[in-house]
Amino acid sequence: MKKLILPLLFFPIGLIYAQNSTKLIIRDTRSINDLPNAKYSGIEAEFKYRNIIGVPGLGNYSANLTISPWNDKDNSGGENHQLNFNQGGIFYRKALPLATEWGAWQQLILANNNGNVGIGTNNPDAKLAVKGNIHANEVKVDLAVPADYVFQKYYTGKSSLNSTYHFRTLNEIKSFTEQHHHLPDLPSAKEIQENGLKLGEMNNLLLQKIEELTLHLIEQNSKIDQLTQEINQLKQN
C-alpha cells in the first residue's frame, strides 16, 4: 500500500520547520499496537488497523497521530497523547510513558456547520442531539410562562401570565375527552409519536393539569361539605 501524506499545517501545533521536507510521512504500521513508551520526543503519524489498537468507530483502517513531548525513561514530562481518525469520527487516548497500557479511547465531539452537536447521530437537528439514553443527576429547563396562570385566572378572573387561558369545567373536559381521547391542551398519542415530547413544555402542561385537578377537587369538596350540612339539618328536623 502507498504511504499517505498529510500537510503539517493540518496539525494545530504552530509552525514546524524542516530543512528537506514540508510534509509528514505516515508510516504503515497497521498491525502493531505500541506501548506508550514506544515513541518519545516527537510527533509520529501511522496507518493502523482499527481493531489492532482497539479504537471505536467505523471501517477497517484509520490514521493514528502520536504526540510524545518527553522521553521514554520517566514520567516527569507528562503524558503521551494519541488521536485516531476513522470513518466513525475522531478519538483520543493518553498515557504516561512508563504505563503498561494506553488509557481508554474517548470520542471527540465536534459541532457541524450550524453549530449543532450530535452524540450517536451525524445529523443533529438541535444545539445538542443525542441518539440514545441520557443519565443525569439534574436537568434544568427555563420556562417563560409557568403554569400558575391556572390559579390566577380562577381566583381573579384574569391572568397576566397567560391571558388566553380558559379554565374548563368537568363537563367540558368530559366532552373533549369523549371526542379526542386525550386531555385538552396536551398532544395526542399520534402527535407524540411523530414529533416527540418537549420536556419543558410537557412538564408545564402536566403542572397545569395538576393545578386544574386541585381546583376541581376543592370545588367538589365544597359541594360535599354543603351537602353534608344540608343532610345534618334535615336529620335535626
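The values are calculated or read from the model by the stated rules, or taken from the named source; none is laboratory data. Computed from a predicted structure; not experimentally measured. No Cβ is skipped: glycine too gets one built from the backbone with ideal geometry, and neighbour counts run over all protein chains shown. These area figures cover heavy atoms from the full protein model, side chains too; ligands, DNA and RNA do not enter into them. Shrake-Rupley method; radii C 1.70, N 1.55, O 1.52, S 1.80 Å.
List of remarks:
- Spin-label pair Asn112/Gln152, simplified geometry with 7 Å Cα→Cβ offset, distance in nm: 3.8
- Computed from the Kirkwood radius of its Cα pairs, the Stokes-Einstein diffusion coefficient for segment 124-212 at 37 °C and 0.692 mPa s stands at 213 µm²/s.
- Amide H contacts of Leu24 (H built 1.01 Å from N, under 5 Å, at least 5 apart or other chain): Leu6, Leu8
- For segment 61-212, the solvent-accessible area of protein heavy atoms averages 69 Å² per residue (probe radius 1.4 Å; ligands and nucleic acids excluded).
- Most mobile of Arg27, Arg168, Arg50 in a GNM of the chain (Cα contacts under 10 Å): Arg168
- Percent carbon-and-sulfur accessible area, the chain, ignoring ligands, DNA and RNA, probe 1.4 Å: 54
- Within straight-line cross-link reach of Lys209, lysines at Cα separation under 23 Å, skipping those fewer than 8 residues along the same chain: Lys140, Lys153, Lys158, Lys174, Lys190, Lys198, Lys223
- For segment 207-220, 3J(HN,Hα) computed residue by residue from phi via the Karplus equation (6.51, -1.76, 1.60; θ = phi - 60°) reads 5, 4, 5, 5, 5, 4, 4, 4, 5, 5, 5, 4, 4, 5 Hz, glycine and proline entered as x.
- Between Asn133, Asn116, Asn204, the GNM of the chain built on Cα springs shorter than 10 angstrom shows Asn204 fluctuating the most.
- Dipole axis of the chain (+1 Lys, Arg; -1 Asp, Glu on Cβ), positive-most option in Leu213, Gln152, Asn122: Asn122
- Its Cα gyration tensor gives segment 190-237 an equivalent ellipsoid. The semi-axes, each the square root of 5 times an eigenvalue, are 43, 10, 4 Å from largest down.
- Using C-alpha pairs under 8 Å with a sequence gap of at least 6, the mean separation divided by the residue count of segment 79-237 gives a relative contact order of 11 percent.
- Once the Cβ-Cβ distance of Gln87 and Asp185 is raised to the sixth power relative to R0 = 41 Å, the FRET efficiency obtained is 0.35.
- Note on the chain: helix-only mean residue ellipticity at 222 nm, from DSSP H runs of 4+ residues weighted -39500 (n - 2.57) and normalised by residue number, equals -9000 deg cm²/dmol.
- Percentage of interatomic Cα-Cα distances in segment 91-151 larger than 14 Å: 73
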